[in-house]
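For reference, the structure discussed in these notes is given below.
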Amino acid sequence: MALTEEAGARSLRERIAELLLGSVPGSEPEFPYAANFTPEQIAELRQFLPERLARAAVLVPLVERPDGLNVLLTLRASHLKNHAGQISFPGGRIEDADAGPWEAALREAREEIGLEARYVSLAGYLRDHVVISGFRVTPVVAFVQPGFVLKLDTTEVEDAFEVPLEYALDPANQVPRERHFAGHAIVTHDIRYQDRQIWGATATMLLTLSRLLRTGRP
């Protein structure tokens, strides 16, 4: 069933805007890959993370194309020390000069891929995500008007591409995969699109948006 069927005549864009209306950044973080863990197991996992998580923000850019929304993603440069060659959202650490996650996400998107803020409008925030690299990440969902021209910072980004949002949010395209961390088996999901494989925190955030659209709950 398409995600828009439940919303009747409303578009996917309208549904996202409605569900994220009034959302605020910095909600209680979750371990989305450990959804079936007990509180005791999650507490044990937390012991392997820094006591104070670094704050970061990513932009989840939803490009408004004539045939529907596309999600804009980046391929990180292969020479990077961390997360080389992975597919990600534009984003990074929240700096002292940033007013908050929205401003940090806009700045990072401009620096990494040259996306100008005048094309971007805030939709809202997903729940914070704790990632095993020691960050607490705020996903900032935004609508992006066409007409932008990207300019990649090749020291960080190797490529940028779009995936139809309906495809990425369809549970049929979200393949479960077991990984291990701190002696525990955790279930994550991979989303394969053409020759690209979206996994890790990026896929998890897309699954969070998918769940929000299916259930109406963050």
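All of the numbers you see were taken from the coordinates with simple rules; none came from a lab. In this text the structure is predicted, and so the values were computed from the model without any measurement. With ideal geometry, Cβ positions are generated from the backbone for all residues, glycine too; neighbour counts draw on all protein chains shown.
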**Asked** Length gain on complete extension for the stretch residue 65 to residue 13, per 0.36 nm per residue less the alpha carbon to alpha carbon distance?
**Response** 17.6 nm
**Complete:** In the neighbourhood of residue 68 defined by beta carbon distances under 9 Å, the net charge of the other residues (Lys, Arg +1; Asp, Glu -1) is -1
